[in-house]
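The values are calculated or read from the model by the stated rules, or taken from the named source; none is laboratory data. As the structure is a prediction and not an experimental result, all values here were calculated from the model. Neighbour counts run over all protein chains shown; Cβ positions are idealised from the backbone, glycine included. Surface areas here come from the heavy atoms of the whole protein model, side chains and all, with no ligands, DNA or RNA. Shrake-Rupley method; radii C 1.70, N 1.55, O 1.52, S 1.80 Å.
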Amino acid sequence: KDLIATAYAYYSTSLFSKIAEVLGKTKDIEKYAQQAKNIKKAFVQEYVTPNGRLVSHTQTAYAMALSFDLIPENLKKKSAEYFAQDVKKFGHLTTGFLGTPLLCTTLSKIGRDDLAFMLLNRKEFPSWLYPITMGATTIWERWDTQKPDGTIIEGMNSFNHYSYGAIGEWLYTHVGGLRIDPKKPGYKHIIFDPHPGGGLTAAKAEFISLYGKIKSDWEIKDGEFHYEVTIPANTTASVTLSGATLENIKLNSAKLKAEMQKNLKQTQQGVQLELGSGTYRFSYPQPAK
């Protein structure tokens, strides 16, 4: 409990510093930034070993520490390995209300989409799909509110308690690939960056913003990755096409024009480009896994 409280104290204090910057509260920016720095130092001294292991060796602890940037830079790789090893060892999630929202997001952050999709696809208790196998149409308060034999556990056992539904954020923003840009809030600038996996062959995320409908829609069909984005008027977007190369991308079934290729950037991840409003349909050979 102390570790969790300290982690969230750091996260909340860091937010205060950022809020102060937005509001132009100059003195408060440094005040809360320094306070957050002190909390992080205390966290590392108390809860992180010299080898990057957390004294509370749990999925929740690692998800918080890695997500909130509480691990020293030289220990991040080792802590990420401990986190991944724990998920792999159990083969299922072991988190509660505070750890679950960060679980798959943090696994993706450390490059372990394979483990995040493993957790997503699991149907046995405990998992997101276990309640569905029991006929659930809402999120339960507990992973096992209803047992396989149909009995209901005693104590807190709400059948409509959305906390564990936080997996939705990972699905929308990571798998669906539709994210906000913190530097230009309110979807003034949109980030499109989908991540297929887990045997999924299609995903679509839509959002009705103040500027109009935003859409991120991908499908894998006949060995090709098809990706459609809709960017509303008076906004811009950054699009990442993972696994693509400048030579193999098609836009609206035609090769990219020379003038558009000038705005593209080949990266290790794929191709990145900046776009204005409109609907764009990209396609390229499905990247090899």
Cβ-derived FRET efficiency at R0 51 Å, T279 paired with D28, nearest 0.05: 0.75
Tensor-based shape of the stretch 157-255 (alpha-carbon gyration tensor, a/c under 1.5 rounded, otherwise prolate or oblate): oblate
Residue with peak Gaussian network fluctuation, the chain [Cα springs, cutoff 10 Å], from D114, D222, D144: D222
Cross-link partners of K183 among aspartates and glutamates (Cα-Cα below 16 Å; sequence separation of 8 or more within a chain): E21, E274
Residue-normalised accessible area of the stretch 148-249, expressed per residue, 1.4 Å probe, Å²: 52 Å²
Lysines with Cα under 28 Å of K123, excluding same-chain neighbours fewer than 8 positions away: K88, K89, K109, K147, K204, K221, K289
Rounded percent of accessible protein surface that carbon and sulfur make up, the chain, 1.4 Å probe: 54 percent
Answer label for P(r) over Cα pairs in 10 Å bins from 0, in percent (calculated), chosen among (1) 6, 22, 28, 27, 14, 2, 0; (2) 7, 28, 33, 23, 8, 1; (3) 6, 24, 33, 25, 10, 1, 0: (1)
The chain: DSSP helices with Cα axial extent of at least 27 Å and average Kyte-Doolittle hydropathy no lower than -0.5: 2-23
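Are there chymotrypsin sites (Phe, Trp or Tyr not before Pro) in the stretch 59-116 that DSSP marks as loop and that have at most 13 other Cβ atoms within 10 Å, and which are they?
Sparse-neighbourhood loop chymotrypsin sites (Phe, Trp or Tyr not before Pro): F97.
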Solvent exposure of the stretch 9-50 as accessible area per residue, Å², 1.4 Å probe: 73 Å²
Derived scalar couplings ³J(HN,Hα) [the stretch 124-140; Karplus, 6.51 cos²θ - 1.76 cosθ + 1.60; whole Hz; x for Gly, Pro]: 7, 5, x, 6, 6, 8, 4, x, 5, 5, 9, x, 5, 10, 9, 8, 8
Qualifying lysines (Cα of each under 20 Å from Cα of K188; at least 8 residues distant if same chain): K18, K213, K215
Relative contact order %, the stretch 47-166, counting alpha carbon pairs below 8 Å whose residues are six or more apart: 19 percent
Rounded accessible area of M134 (nearest 10 Å², 1.4 Å probe): 50 Å²
Centroid-to-centroid separation of the stretch 1-52 and the stretch 122-185 [C-alpha atoms, Å]: 30 Å
Normalised contact order of the stretch 110-150, rounded percent, pairs of Cα under 8 Å and 6 or more residues apart: 27 percent
For the stretch 144-151, Karplus couplings with θ = phi - 60° (6.51, -1.76, 1.60), whole Hz, Gly/Pro x: 10, 3, 10, 7, x, 7, x, 6
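Per DSSP helix of 4 or more residues, -39500 (n - 2.57); summed, then divided by the residues of the chain. What does that give at 222 nm, rounded to the nearest 500?
Rounded to the nearest 500, the figure is -10500 deg cm²/dmol.
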Sequence of K40, K255, K215, K27 when ordered by accessible area, the most exposed leading, probe 1.4 angstrom: K27, K255, K40, K215
Highest-fluctuation residue, V48, V22, V87 considered, GNM on the chain with Cα pairs under 10 Å: V22
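Which whole-number percentage describes the relative contact order of the stretch 104-246, with Cα contacts under 8 Å and a sequence gap of 6 or more?
With pairs under 8 Å counted, the relative contact order is 16 percent.
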